[in-house]
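The values are calculated or read from the model by the stated rules, or taken from the named source; none is laboratory data. These numbers come from a predicted model, not from an experiment. Cβ coordinates were reconstructed from backbone atoms using ideal geometry, including for glycine residues, and neighbour counts include every protein chain displayed.
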Amino acid sequence: MDAGKSAIGWWTCAGCEVEAELPGIDGLGFLVPCPECGEEMTEQWLWDGAPAHSAA
């Protein structure tokens, strides 16, 4: 993912299994805490959050 691009990630918690849509980060080496229980979350998917533009 290029730096400066807006990305969104879908995260799940290993502890309580809550799911959350959070800003995508380069999480290599960083833990993302669950907003519900504080356990480690795992990024499942990442996509570009910028709106699609049609070529005209």
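Things worth noting here:
- A search for C-beta distances below 8 Å between a residue of the stretch 30-56 that is closer than 15 Å to V18 by Cα and part of a strand (DSSP E or B) and any residue that is of a type outside the set (A, V, I, L, M) and at pLDDT below 70, counting only pairs 6+ apart in sequence or on different chains, returns E43/G24; E43/G27.
- In the stretch 1-22, the qualifying residues are those that are among the small types (G, A, S) and assigned to a strand (DSSP E or B), and the one that is modelled with the highest pLDDT is A20.
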